[in-house]
Each structure stands twice: as C-alpha cells, then as structure tokens.
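Below is one structure, written out as structure tokens; the observations come after it.
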Amino acid sequence: MLIAGVDEAGRGPLAGPVFAAAVILDPNQAIEGLADSKVLSPIKRTRLDVLIKQRALCWAIAEASVEEIDELNILQASLLAMNRAISALTTVPDQVLIDGNQLPNDLLIPAQAIVKGDSKIAAISAASILAKVARDRLMDTYHVYYPDFSFHLHKAYGTKQQNAQLRQYALLALEHLDISGSLESWFRQRLEYESVEYVREVIFRLLAAMEKKKVAESQPERI
C-alpha cells in the first residue's frame with residue numbers, strides 16, 4: 001500500500017504564503033533522522049530535504065497565496081495547499097495521512113488526520129521537512145527585497161524582533177505622510193499599545209495612503 005504523508009508550514013507567521021508538501025516514501029530506501037521539522041536544526045532539515053527528494057518514490061510541494069489566506073482564512077488556505085500538494089503527486093497513493101485534525105475538502109483518496117502526525121509517521125515528517133525548507137527559502141528571498149524586516153532570521157514568525165520592526169516601519173511610514181496633530185497622536189498611540197496584527201493593518205493603511213499621495217503628486221497641475 002502506498003501511503004502519502006502530508007503537512008504544512010506557514011500557518012503561524014505574519015507574512016508570506018502557506019506551504020504544504022506530500023511525500024510517498026520508498027520502503028526500500030530508508031532515510032535516517034526523519035522527525036518533526038520544528039525539532040530539527042536548519043542544517044539537518046536542509047540535509048534531509050535533499051535525501052527525501054532523492055530517495056522518496058514521489059513528492060510534491062504546493063502553496064496558497066497571501067491573497068487566498070486573506071480570502072479563505074489561514075486554516076482553509078492550509079487545507080487548500082495540502083490538496084494541491086496531493087494532486088501534484090505523479091504517483092497516486094492508496095491512502096493519505098495528514099498532520100493535524102482537519103482534512104481538505106473534495107479528496108478522492110482515503111485520508112486520515114493524525115494529531116502530531118509529524119512526530120509519529122515518517123512520511124508526514126518528511127512532508128513537514130519539505131514544506132518547512134521550501135518556505136524558509138522563500139523567507140530568505142524576502143530578506144533580499146525587504147532587508148529591514150530580517151525575514152532570514154525569524155522567518156516572519158511573531159518574534160519580539162519582528163514585532164518591533166513592524167512598529168518601526170509603521171513609524172517611518174508616518175513620517176512620509178503629512179499627518180499631524182490629533183491624527184498622528186492617534187496612530188502613534190495605537191502602534192505603541194495594540195497587537196502586532198493591528199500594527200500590520202495600520203501599516204497596510206499607511207502604505208495605501210502613501211501610494212495615493214504619490215499618485216496625486218505625480219499628476220500634472222491643472223490651471
């Protein structure tokens with residue numbers, strides 16, 4: 001019986017898409033050291049990522065975009081990414097084992113959700129590693145384009161460092177707008193005391209205002 005293990009990476013972070021992977025291991029090619037990706041060092045994950053791709057019978061990685069997360073919510077986007085990873089397998093498994101307590105909709109293959117499956121089932125462990133490494137590599141790319149956020153260090157998880165950087169970025173955005181008086185005071189108070197999710201929403205609004213101002217300033221004056 002061919003078993004596909006499935007897991008995701010990216011449900012907890014504050015930025016970026018959510019990734020999922022599906023893996024069918026080859027029983028004749030053992031891979032030592034498979035475990036929940038969260039307990040492995042980056043070096044071990046990278047080494048295992050290579051071995052899994054070399055020795056597995058079949059594997060696939062998929063994602064759900066930030067826009068899909070906003071539209072569906074993070075849980076449904078995670079399940080969508082899992083469904084895409086399963087569908088992308090070039091070999092159809094007889095059964096799918098999925099980490100967690102939820103199953104994607106419309107699966108045409110018998111499936112079972114297993115809580116903490118990434119620490120119990122080798123194929124799910126392998127999937128968790130592929131998904132985690134793929135997402136971390138994207139975060140490293142984000143760092144190249146957005147160095148102020150240090151994505152290469154915290155991978156967009158809500159660390160104290162990232163929360164502080166989000167607030168600092170919002171304050172810098174404030175300085176580029178002609179906002180003064182009570183409105184500026186209101187923004188600064190919210191950035192100081194509100195949750196990081198609220199701060200992120202403030203940043204989106206500030207960026208939209210900055211873009212609107214930029215467009216207005218680029219228009220020729222009418223006499």
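Computed over protein heavy atoms with a 1.4 Å probe, the accessible surface of region 54-145 works out to 50 Å² per residue. Across every pair of non-identical alpha carbons in region 1-87, the mean reciprocal distance, once inverted, gives a Kirkwood radius of 13.8 Å.
For region 34-81, the square roots of the Cα gyration tensor eigenvalues, ordered a ≥ b ≥ c, give a/c of at least 1.5 with a/b greater than b/c, which places it in the prolate category. Rg over Rh for region 53-106 works out to 1.00, using Cα positions for both radii and the Kirkwood form for Rh.
For the peptides 134-142, 17-25, 79-87, 120-128, residues were scored by their other Cβ atoms within 10 Å and the scores averaged per peptide; the highest-first order is 17-25, 120-128, 79-87, 134-142. The overall shape of region 1-155 is oblate: from the C-alpha gyration tensor, with semi-axes ordered a ≥ b ≥ c, the ratio a/c is 1.5 or greater and a/b is no larger than b/c. Report note on the peptides 109-115, 63-69: ranked by the mean count of other C-beta atoms within 10 Å, highest first, their order is 63-69, 109-115.
The values are calculated or read from the model by the stated rules, or taken from the named source; none is laboratory data. Small disclaimer: the values here were computed from a predicted structure and weren't measured. Here Cβ is always computed from backbone atoms with ideal geometry, including for glycine, and neighbour counts include all displayed protein chains. Side chains included, ligands, DNA and RNA excluded: accessible areas come from the protein's heavy atoms. Shrake-Rupley method; radii C 1.70, N 1.55, O 1.52, S 1.80 Å.
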